[in-house]
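Worksheet: the structure to be examined is printed underneath.
The values are calculated or read from the model by the stated rules, or taken from the named source; none is laboratory data. Since this is a predicted model, take the numbers as computed values, not measurements. Please note: Cβ atoms are built from the backbone with ideal geometry, for glycine as well, and neighbour counts cover all protein chains shown. Side chains are part of the model used for accessible areas, which takes the heavy atoms of the whole protein and leaves out ligands, DNA and RNA. Shrake-Rupley method; radii C 1.70, N 1.55, O 1.52, S 1.80 Å.
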Amino acid sequence: NDCLACNYTAGGGTSGVAVLSLWMMTPVLNIANGATFSFWTHTLNPAGGGYPDRLQIRMSLNGSSTNVGSGTGATGANAVGDFSNLLLDINPAQNTTAYPSDWTQFTVTISGVSTPTTGRLAFRYFVTGGGPGGANSNAIVIDNASYAVPAPGAIALLGLAGVCGSRRRRNA
């Protein structure tokens with residue numbers, strides 16, 4: 001019955017143009033290659049367009065850190081701190097019709113993690129030229145987020161199947 005929502009007023013002002021950079025983080029996760037992060041999202045813009053929205057999925061491999069950088073104005077809003085790993089960027093060009101207007105599922109598969117570690121994933125509502133006076137940003141909704149790490153046995157079985165398959169070919 002609950003979902004996450006963010007809109008153009010999230011910059012804290014009642015007028016003006018802003019760079020919106022708003023974060024929602026997962027609890028600390030065990031992060032490893034092959035893990036998947038899945039969620040559903042849509043914009044509240046009409047199907048024909050409107051004010052462009054944008055969403056990023058970012059990863060920090062720094063344990064329980066919540067550091068998203070700091071500063072004021074555009075410099076602060078563009079900071080990402082420990083969340084320097086960009087996993088997904090929905091509508092980076094901020095086109096009026098590129099963010100889905102109907103519920104759409106996105107799934108990210110974790111890769112490039114040298115050894116399993118702890119960290120966090122984060123949703124980042126990131127819109128330049130947004131806010132009440134901006135030409136960009138309306139509202140997005142996110143629901144049914146889930147994170148899954150592959151079972152260690154599944155990886156071992158896949159490796160074993162490859163060995164068995166190779167052996168049969170040599171004996172044939």
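Along region 89-97 the Karplus relation, 6.51 cos²θ - 1.76 cosθ + 1.60 evaluated at θ = phi - 60°, assigns HN-Hα couplings of 9, 8, 6, x, 7, 6, 7, 5, 10 Hz to successive residues, with x for each Gly and Pro.
Sorting 35-46, 109-120 by average packing, meaning the other beta carbons within 10 Å per residue, from highest down gives 35-46, 109-120.
Couplings 3J(HN,Hα) for region 143-148, derived from phi with the Karplus relation 6.51 cos²θ - 1.76 cosθ + 1.60 (θ = phi - 60°), are 8, 6, 6, 8, 10, 9 Hz, where x marks Gly and Pro. Looking at region 68-156, what % of the alpha carbon pairs are farther apart than 17 Å? Counting pairs separated by more than 17 Å, the tail of P(r) holds 63 percent.
Cα convex hull, region 25-117: 111 Å³ per residue, rounded to a whole number.
Annotation: amide H-H contacts under 5 Å for residue 88 (H modelled 1.01 Å from N, sequence separation of 5 or more, or interchain): 57.
The listed peptides 134-145, 83-94, ordered by packing as a protection proxy, come out as 134-145, 83-94 (highest mean of other Cβ atoms within 10 Å first). A simple rule links phi to the HN-Hα coupling: the Karplus curve 6.51 cos²θ - 1.76 cosθ + 1.60 with θ = phi - 60°, which for region 78-83 gives 8, 5, 10, x, 6, 9 Hz, with x for Gly and Pro. Accessible surface for region 39-116, divided over its residues, is 50 Å² per residue with a 1.4 Å probe.
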